[in-house]
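Each remark here refers to the structure printed beneath this line.
The values are calculated or read from the model by the stated rules, or taken from the named source; none is laboratory data. Quick caveat, the model's predicted, so the values are computed rather than measured. A quick note on method: Cβ atoms are made from the backbone with ideal geometry, for glycine too, and the neighbour counts reach across all protein chains shown.
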Amino acid sequence: MWDDCKDFDCKNSKCVCKTVRNIAAAQDEVVTPDCDVSCKQSIQNLVSPTVTTGNDTIPFILYCKGDCKPFVGSGVLQDVVNNTTNFFCFESPIFRVSKIHKDCCADLELLLPVNSSGQCHKKKKSLCDLFDGVTGLQRTGICIKVDLCDFVAISCLEPVRALPVSDLNVANAAKEY
C-alpha cells in the first residue's frame, strides 16, 4: 500500500493529492470535522456564515517543497512622492486568490498585515511574529502567477474583509513596512 505512488510522476498524476483526498474522505465517514481553522472551514464560513460578516477573502499561506518554509511573494508598486516617481517593493507570505487556471496555476494577490491604525506591520523574523498586533489585511493589487504544484502545504486563515486596494497609500505603507 505504501508503494502505490513510487512508479508515478506525482506532478502529473497528482498522486499526493489523490492520497490525501482518500484519507479525508475516510476520515469524514468516521468522525465529524475537528478543525476550527482550516481551508474547508474557512470556505464554509465565507459562503454560509451564521452571521453576515461582509468577509470577502480567505487569506492563506503556502509552504514550499523541500524546506517546508512559507513562500514569500514579492512585487513592486510605484507612487509619486514630491513630484518624483518612486518604486516600492513589498513582500508577504499571505495571499488572496485572484484567479485559478486550468493548468493548476493561479494568480495570487499579496496581502499585507496591518494594525488597528491601518498601518502596515513591519516584517518579522518568524511567521508567527508577523501576526503580533495585526488586526487586518490590506490588499495591494500586486498579483503574481504561481504553479500550485510547486507547494507542499497550505494554511488557511479565517475569512476576513480585506481592506480595499483604494485604501493603500503606497509610500506610507512602504515606510511602515
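Numbers below:
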read-out: Among residues of segment 67-96, those that are of a type in the set (Val, Ile, Thr) and buried (at least 16 other Cβ atoms within 10 Å of the Cβ), counted; value: 1
read-out: Which listed residue is at pLDDT below 85, among the hydroxyl-bearing types (Ser, Thr, Tyr) and under 21 Å from the mean Cα position of the chain (by Cα), from SER13, SER92, SER98, SER74; value: SER98
read-out: ASN172, sole failed condition from (1) assigned to a helix (DSSP H, G or I); (2) exposed (fewer than 14 other Cβ atoms within 10 Å of the Cβ); value: (2)
read-out: Pair list, Cβ < 6 Å and 6+ apart or interchain, from segment 78-103 residues that are among the hydroxyl-bearing types (Ser, Thr, Tyr) to residues that are in a loop (DSSP other than H, G, I, E, B) and at pLDDT below 90; value: none
read-out: Any chance ASN115 is polar (S, T, N, Q) and at pLDDT below 85; value: yes
read-out: Residue in segment 125-133 that is within 20 Å of CYS68 (Cα to Cα), in contact with a Lys or Arg (Cβ under 8 Å, 6 or more places away or on another chain) and either touching a residue at least 40 places away in the same chain (Cβ under 8 Å) or not in a loop (DSSP other than H, G, I, E, B) (or both) present; value: yes
read-out: In segment 124-140, residue farthest from THR57 (Cα to Cα) [restricted to those that are surrounded by 15 or more Cβ atoms within 10 Å (Cβ to Cβ) and of a type outside the set (A, V, I, L, M, F, W, C)]; value: THR140
read-out: Residue in segment 139-151 that is assigned to a strand (DSSP E or B), of a type in the set (Gly, Ala, Ser) and modelled with pLDDT under 90 present; value: no
